[in-house]
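Encoded as C-alpha cells, the structure appears first; notes follow it.
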Amino acid sequence: MELLKQRIMQDGIAMGDSVLKVDSFLNHQIDVALFNEMGKEFKRRFADANITKILTVEASGIAVACIAAQYFGNVPVVFAKKQEASNLSADVYASNVFSFTKNRNYTVRVDKKYLSATDRVLIIDDFLANGNAALGLIDLVQQSGGTVTGIGIVIEKGFQTGRKLLEEKGYRVESLAIVQEIHDGTVILAD
Ligand code: 5GP
C-alpha cells in the first residue's frame, strides 16, 4: 500500500536492526485518515472471505480493527485481553504468547461469549514479526470451533519468520507493507 509505505519511509524510526518504531501514526498517535485507507485495503484484499468478526489483541490492534470493521459491514471487533481482570468472566478461551518486543510470555484471553463455531474470523494486528501473537489468536479461534479466514497485518517484517510459519500452517497472510531489512538506521521496504 503506497501511502503506508511513504509514511513508513517518512516517519519510521529504526531501533537497532530488528524493531521499527512508528509511534507517530500507528502505535501512539493515530493517523485516522491513513487508518481509513488501510481499512479499505483490508476489505479489498479479503472481500471474498465472508467475514463475520474481526479479532485483534490489545492495544494497538484495536484501532486498526475498528476502522477496518466499518468496511466489512460493521462486523463486531473482539480484542483479546492481555491483563487478568476481576471484571473478565472466568469462562474464557486463553492462549500463551511470547512477546517479541517485551521478551516475555503473556496470556491472551477472550470471553467464550464472543467467539463461536459459526464465526469466520479475520485476525488483524499492527505488526508481524515471528508470528507468535497471530498464533495465539488463531489458537483462541480454534478453541471456539470458528474458522480463521485470514490474517491482515499493517506492517510485516519480512526478515523474520512469521509469514513462513503461518503459511506453512495453511493461513492466508496479507500485509499492507513489508519491511525487507533494517540496517544501520535505514529501513528498506519490499516493492
Ligand atoms: P510476533 O508475535 O509476530 O513475533 O510480533 C508481533 C507483535 O509484536 C505485534 O503485536 C507488535 O505489537 C509487536 N512488534 C513486533 N515487532 C515490532 C516492531 O518492529 N515494532 C513495533 N512497534 N511492534 C512490534
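The values are calculated or read from the model by the stated rules, or taken from the named source; none is laboratory data. Note that the coordinates shown come from a computational prediction; the quantities given were computed from them, not determined experimentally. Cβ coordinates were reconstructed from backbone atoms using ideal geometry, including for glycine residues, and neighbour counts include every protein chain displayed.
Quick look at the values:
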item: Filtered residues of region 6-20 (kept if of a type outside the set (A, V, I, L, M) and closer than 21 Å to ALA65 by Cβ); result: ARG7
item: Out of SER99, SER175, sole residue that is over 13 Å from the mean Cα position of the chain (by Cα) and not basic (Lys, Arg); result: SER99
item: Of the criteria (1) surrounded by fewer than 17 Cβ atoms within 10 Å (Cβ to Cβ); (2) outside any helix (DSSP H, G or I), which one GLN143 fails; result: (2)
item: Some residue of region 93-105 being more than 14 Å from the ligand (Cβ to nearest atom) and modelled with pLDDT of 95 or more; result: yes
item: Condition broken by LEU88, with the remaining ones in (1) surrounded by 12 or more Cβ atoms within 10 Å (Cβ to Cβ); (2) modelled with pLDDT of 95 or more satisfied; result: (2)
item: Residue pairs meeting the criteria (Cβ under 7 Å; at least 6 apart or on separate chains; first without any contact (Cβ under 8 Å) to a residue 24 or more places away in the chain, in region 103-124; second of a type in the set (Val, Ile, Thr)); result: ASN105/VAL97; ASP111/VAL92
item: Residues that are in a loop (DSSP other than H, G, I, E, B), crowded, with 17+ Cβ neighbours inside 10 Å and within 13 Å of the chain's Cα centre (by Cα), drawn from region 36-70; result: none
item: ASN74 vs. criteria assigned to a loop (DSSP other than H, G, I, E, B), within 29 Å of ALA47 (Cβ to Cβ) and without any contact (Cβ under 8 Å) to a residue 12 or more places away in the chain; result: yes
item: All positions within region 146-177 that are within 13 Å of the ligand (Cβ to nearest atom), of a type in the set (A, V, I, L, M) and crowded, with 19+ Cβ neighbours inside 10 Å; result: ILE151, ILE153, VAL154, ILE155, LEU166, VAL173, ALA177
item: Verdict on ALA33 being surrounded by fewer than 22 Cβ atoms within 10 Å (Cβ to Cβ), in a helix (DSSP H, G or I) and of a type in the set (A, V, I, L, M); result: yes
item: Residue satisfying all of: in region 117-133; more than 6 Å from the ligand (Cβ to nearest atom) and surrounded by 21 or more Cβ atoms within 10 Å (Cβ to Cβ); nearest to the chain's Cα centre (by Cα) among these; result: ILE124
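Residues checked against (1) out of contact with any strand residue (DSSP E or B) (no Cβ under 7 Å at 6 or more places or on another chain); (2) modelled with pLDDT of 95 or more; (3) within 16 Å of the ligand (Cβ to nearest atom):
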residue	(1), (2), (3)
LYS5	no, yes, yes
LYS21	no, yes, yes
PHE25	yes, yes, yes
ILE30	yes, yes, yes
ILE51	no, yes, no
THR56	no, yes, yes
ALA65	no, yes, yes
